[in-house]
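Every read-out reported here was derived from the displayed coordinates using simple, explicitly stated rules and does not represent laboratory data. In this text the structure is predicted, and so the values were computed from the model without any measurement. Please note: Cβ atoms are built from the backbone with ideal geometry, for glycine as well, and neighbour counts cover all protein chains shown.
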Amino acid sequence: MSPLVMGRTKVKGITVEELRDRSTALTSALESGGKQLDPARVQDASAVVDKVAERTSKTGNHTVVALAGATGSGKSSLFNALVGDQVAVVGARRPTTAHPVAAVWGEEDAGELLDWLSVRQRHHVPPSATGSLGLPGGQAWNLDGLVLLDLPDFDSRVESHRVESERVLELVDVFVWVTDPQKYADARLHDDFLKVLSMHGAVTVVVLNQADRLTPDALSQVRGDLARLAEADGIGGVQVIATSATTRAGVEELGMRLATAVAAQNAATARLAADIRATAGRLRTDVADSEPSVAEQVDAELVDALSRAAGIPTVVAAVERDYRNQAWSRTGWPFTRWVQGLRPDPMKRLRLNTRDAVEEKLAVTAGDVRSVLGRSSLPPPTPAARASVDLATRRVGDRAGQGLPARWAEAVSDAATPPGPELADALDQAVVGTSLRARAPMWWRAFGLAQLVLALIAVLGLGWLVVLVVLGWLALPDVDTPSLGPVPWPLLMFAGGVVLGVALAALARYLAVIGARRRGQQIRARLLEAVSGVAAERIVAPVRAVLARHRAAREGLERAAA
């Protein structure tokens, strides 16, 4: 209900607890929005939050009403008419009022409140004047708790007067805008105050003073014109009160409005709630209506770009070469295996693992690798790989920031593009920390055992043949040599061992190529998973954090403006 007009449901009433909840929501929105909110608006909102805390902490049920207007509008005369005494100085010299003057109705002490308002000149209205507003035979209205302020002119040629008037207007509960037939359309009143405070219609009164200077027809026309201008300013349904401090016409009606505000005892909360709604509404333009969705899984394009920058193709190729080398060294022909030892170990060259890492029992852990090696010896990413990462992260940022205001979109883009050294180090540690170990295939052992058996057979056959040759050279009696058809066993053993060993080695080389490809795919999947973890932690998570802050700021502003 409007604090000024009984029975008008222009504004929903709000309790102090609800007001504080909205203030808390506004504070939360400011904290969540951070630098992505307009600094000037944030400063204004912080001032509103502080004002809510300070105003609601003041004891008493006072309602602070300010008479504000331009030079020569007759504010002070109207103030004296309401008080029933010559409290404010009235004179022809302008400006007259330099500092706010307060009139207090009721016995409840308003000192703390006036100290907060920084109003030094104070007048306590005696009980005898409370009911009649200084009008003989006037209608009795209970004004206990009213604090009426006469402010300096808001268009004064003295800057300190204007500053003081604006300062107090930021703190009062009810605005009474006093104008006159000459300045009722003044741009200063409408553009700088009524439009800015358009959401404060429930605590706004528009007064056309010096109405005695107009004929009835002219007065009706000016009142209608003033009401139309106020509606254009955003204050719809306003009723312009025509007053005259000289004839006291309309003063009783104005007093009734003030008495209604005092009786409602909700003007202060209505004013503060309007302040919160207004500042939340202005900040609402700094956030979007919703947040773009970010997929749960890391974008494949991003993972592919990071994997190339991390050197995963090089690691996979090294793993495949290492697999082939070890397979050949364990399943190849025993008499030529020593050649494999002359080849460089591709894993050691990259400082990723040791040859024993393929054996489950001798495999080093990721922690061992990190603690001993710290970094790999992978070559740095090529310019093309770095450009690919930049493009992929930029696309992530563009998609996540789509539809957001510029500051938020920039924050999302920055979150999706972490500093180069940090991302590079994280990728390197992900590669180093990924276990490249795997169980040695069973066929290695089977082929290795078969090669040993065939080598032993070949050696025994060769030895037998040598014995036969030595016996023949020494012309010793012939020894009966068993044979398989025309081929003696020694020759069959030697030739068969060599031929079968070489054939088995060739088969092992073919199987090693297939196994190396499978091992590479297995290790590649592990490394891609590790890279996906880096992308999720270093790129996606920061982006989600920015969007979460945006959501919190948006929801906080919506709660504050409810």
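Data table
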{"item": "Estimated [θ] at 222 nm from DSSP helical runs (n ≥ 4, -39500 (n - 2.57)) normalised by residues in the chain, nearest 500", "result": "-17500 deg cm²/dmol"}
{"item": "Net charge of Cβ neighbours under 12 Å - reference A40; Lys, Arg +1; Asp, Glu -1", "result": "-1"}
{"item": "Length-normalised contact order for the chain - Cα pairs under 8 Å, 6+ apart - percent", "result": "19 percent"}
{"item": "Residues M256, M442, M493, sorted so that the one with the fewest Cβ neighbours within 10 Å comes first", "result": "M442, M256, M493"}
{"item": "Translational diffusion coefficient (Stokes-Einstein; Kirkwood radius from C-alpha pairs) of the range 16-284 at 4 °C, 1.567 mPa s, in µm²/s", "result": "68 µm²/s"}
{"item": "DSSP beta bridge pairing in the range 16-284, given as percent antiparallel to the nearest 5", "result": "15 percent"}
{"item": "Contact order relative to length of the range 16-284, as percent, for alpha carbon pairs under 8 angstrom and 6 or more apart", "result": "25 percent"}
{"item": "Largest to smallest principal axis extent of the C-alpha atoms in the range 485-552, angstrom", "result": "93, 11, 9"}
{"item": "FRET efficiency for A552 and A506, using Cβ-Cβ distance with R0 set to 51 Å, rounded to 0.05", "result": "0.15"}
{"item": "Helix 216-232 vs. the chain, principal-axis angle (Cα, 0 to 90°, nearest 10)", "result": "10 degrees"}
{"item": "Folded to 0 to 90 degrees: helix 312-331 orientation relative to the chain principal axis, Cα", "result": "20 degrees"}
{"item": "Tail weight of P(r) past 45 Å, computed on alpha-carbon pairs of the chain, percent", "result": "51 percent"}
{"item": "Within straight-line cross-link reach of K195, aspartates and glutamates at Cα separation under 14 Å, skipping those fewer than 8 residues along the same chain", "result": "D186, E231, D233, D275"}
{"item": "Exposure proxy ranking, count of Cβ atoms within 10 Å, fewest first, for V294, V453, V396, V470", "result": "V470, V453, V294, V396"}
{"item": "Footprinting exposure proxy for F154, F175 (fewest neighbouring C-beta atoms within 10 Å first)", "result": "F175, F154"}
{"item": "Net +/- balance of residues flanking V534 in space, Cβ distance below 14 Å, scoring K and R +1, D and E -1", "result": "-4"}
{"item": "Spatial separation of Cα centroids for the range 262-299 and the range 309-325, in angstrom", "result": "55 Å"}
{"item": "For peptides 408-415, 68-75, 31-38, sequence by mean Cβ density within 10 Å, most packed first", "result": "68-75, 408-415, 31-38"}
{"item": "Folded to 0 to 90 degrees: helix 420-432 orientation relative to the chain principal axis, Cα", "result": "40 degrees"}
